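Notes to accompany the following structure.
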Amino acid sequence: MPTRPCWVEISTRSLEDNYRFLQSLAAPSTELMAIVKANAYGHSLGLSAPAAARAGARWLGVTSVEEGAAARAVCPGSRIVVIGGVFPGQSPMVVEHGLTAVAWDLRQLDELEAAARESGVSPGALPIHLEIDTGMSRQGVAPGELGLILSRFGAGSLLRLEAVMTHLYASDEASGAATGRQLQQLNEALKRIEQATLPSWPGWLSVGASAALLGTEAATIADLARRWRLKTMLRPGLALYGIAPRFCPAFESGQEPPALVAARADLKPVLTWKTRVVSVRTVPAGAEIGYNGTFLATERMRLALLAVGYADGLDRRLGNRFSLLVRGERAPLVGRISMDQSVLDVTEIPGVEAGDEVVILGSQGTESISVFDHADAAGTIPWEVFTRIGPRVARIAVKSR
Ligand SMILES: *Cc1c(COP(=O)(O)O)cnc(C)c1O
């Protein structure tokens, strides 16, 4: 059935290529968990998780138990890790769908073990990724508070400490100072875990996202893991979707690590966001355009109405200050962006007519609009631009780019 013409095209092949490329950077010391949380950063969990698995990802990271169940439905053979916490009452679903919880407090561990007991599994059968708060002060247990937590993994427990995990909060900063402090805290936590003499030593050290993988920190993390006889896992999200994060100021002055610059050239953006021209009209000089007439036609102008608005995720702050692509050229957005519609000035672009394809984010001909262009214009970051593309925007798989 034809739908309202506002959609994103997902190149599953580019996503597969990105995963293989990132895994080749990480090999052989490190394995990757493909982060597909928040509906795969707006790229569709249903399309992206199977693509990552086809490319060789054995591990998928999702936000919630609900997303985990959805991922399980399309990826029956993958390890699926719930990184955003298991909430009260959700533990039976973790067991039922064969998910793996990131956990860090006693309530979570006790509920998870109770759910495991219900299902009659043997000791050590339920793997847990234990999150350490190494300085972000968000999720996780501080190294000094591990005592009681580790007691839950003792002999006879149904829980098994499979991975020790932390999240880096400043791996996009050139100095690496914050990451250095975090890795010291992680080392402290590992000492305490060693002292607890658990029935089995964990298999994995899970640290770091796209910036750590593409920056200079991956090798340091792998060294730490090796010292503790652990395998390294990194957890890229944004890079999987073809976008290399920007590093903080010192890196912008041409000081980026060569590996990051090279990676940026190799990664392929996965998502293209499109709409169509609904109608074209000509207005006289002085005509008011959109809510509150924030744009007055400077001359006789031709305007193209588009089927995209802020309810689709097109940031309202882009009105009067951004351009989209039509017929291979940039056309300015004029007037305020409405909930469901917006208007382009196509006076300078001959031949624009109803039905023409408009690129909101992505390439058309030789022009392109990047997720950074959107983020900069809206005062935000690529992650937010992607995840705000609304649920009513259809996600369509395309084979090539
Ligand atoms: C979102 C997230 C990631 C991925 O981050 P990117 O910067 O998109 O690569 C990795 N680990 C955790 C715990 C996360 O929440």
**OP:** Restricting attention to the stretch 132-149, report how many residues are farther than 16 Å from ASN187 by Cα and either of a type in the set (A, V, I, L, M, F, W, C) or assigned to a helix (DSSP H, G or I) (or both).
**Re:** 2
**OP:** Please specify each residue of the stretch 346-380 satisfying the condition of being closer than 24 Å to GLU16 by Cα, within 18 Å of the chain's Cα centre (by Cα) and either aliphatic (A, V, I, L, M) or not in a loop (DSSP other than H, G, I, E, B) (or both).
**Re:** LEU361, GLY362, VAL371, PHE372
Original post:
Counting only residues that are farther than 20 Å from PRO257 by Cα and either touching an Asp or Glu at 6+ places or on another chain (Cβ under 9 Å) or modelled with pLDDT under 95 (or both), how many does the stretch 208-236 have?
Top reply: 4
**OP:** Check the stretch 233-250 and report whether any residue there is free of Cβ contacts under 8 Å to residues at least 40 places away in the same chain, open to solvent by 50 Å² or more (accessible area, probe 1.4 Å), basic (Lys, Arg) and touching a helix residue (DSSP H, G or I) at 6+ places or on another chain (Cβ under 9 Å).
**Re:** no
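Condition check ((1) within 22 Å of PRO2 (Cα to Cα); (2) under 25 Å from the mean Cα position of the chain (by Cα)) across all residues:
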site: LEU271; (1), (2): yes, yes
site: LYS274; (1), (2): yes, yes
site: ILE289; (1), (2): no, no
site: THR294; (1), (2): no, no
site: ALA311; (1), (2): yes, yes
site: ARG316; (1), (2): no, yes
site: ASN320; (1), (2): no, no
site: ARG336; (1), (2): no, no
site: GLN341; (1), (2): yes, no
Subject >> Tally, over the stretch 378-401, of residues that are more than 16 Å from the ligand (Cβ to nearest atom) and out of contact with any strand residue (DSSP E or B) (no Cβ under 7 Å at 6 or more places or on another chain) >> reply: 6
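Let's see how each residue does on (1) more than 10 Å from the ligand (Cβ to nearest atom); (2) at positive phi; (3) in a strand (DSSP E or B); (4) not hydrophobic (A, V, I, L, M, F, W, C):
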{"position": "ALA178", "(1), (2), (3), (4)": "yes, no, no, no"}
{"position": "ARG181", "(1), (2), (3), (4)": "yes, no, no, yes"}
{"position": "LEU198", "(1), (2), (3), (4)": "yes, no, no, no"}
{"position": "ALA211", "(1), (2), (3), (4)": "no, no, no, no"}
{"position": "THR220", "(1), (2), (3), (4)": "yes, no, no, yes"}
{"position": "ARG229", "(1), (2), (3), (4)": "yes, yes, no, yes"}
{"position": "LEU240", "(1), (2), (3), (4)": "no, no, no, no"}
{"position": "PHE247", "(1), (2), (3), (4)": "yes, no, no, no"}
Subject >> Enumeration of residues in the stretch 277-307 that are in contact with a Phe, Trp or Tyr (Cβ under 8 Å, 6 or more places away or on another chain) and of a type in the set (Ser, Thr, Tyr) >> reply: none
Original post:
Filter the stretch 200-209 for residues that are near the ligand (Cβ under 9 Å from one of its atoms) and assigned to a loop (DSSP other than H, G, I, E, B); which is least open to solvent (accessible area, probe 1.4 Å)?
Top reply: GLY208
**OP:** Among the residues of the stretch 4-54, count how many are assigned to a loop (DSSP other than H, G, I, E, B) and either away from the ligand (no atom under 16 Å from the Cβ) or among the hydroxyl-bearing types (Ser, Thr, Tyr) (or both).
**Re:** 6
Original post:
For the stretch 76-105, how many residues are part of a helix (DSSP H, G or I) and open to solvent by less than 50 Å² (accessible area, probe 1.4 Å)?
Top reply: 3
Original post:
(1) in contact with a helix residue (DSSP H, G or I) (Cβ under 6 Å, 6 or more places away or on another chain); (2) within 16 Å of the ligand (Cβ to nearest atom); (3) assigned to a helix (DSSP H, G or I): which one isn't true of GLN108, the others all being true?
Top reply: (1)
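The values are calculated or read from the model by the stated rules, or taken from the named source; none is laboratory data. Just so it is clear, the structure is predicted and the values come from calculations on it, not from any experiment. Reconstructed Cβ throughout: ideal geometry from the backbone, glycine too, with neighbour counts over all protein chains shown. Ligands, DNA and RNA are excluded from the accessible area calculation, which covers all protein heavy atoms including side chains. Shrake-Rupley method; radii C 1.70, N 1.55, O 1.52, S 1.80 Å.
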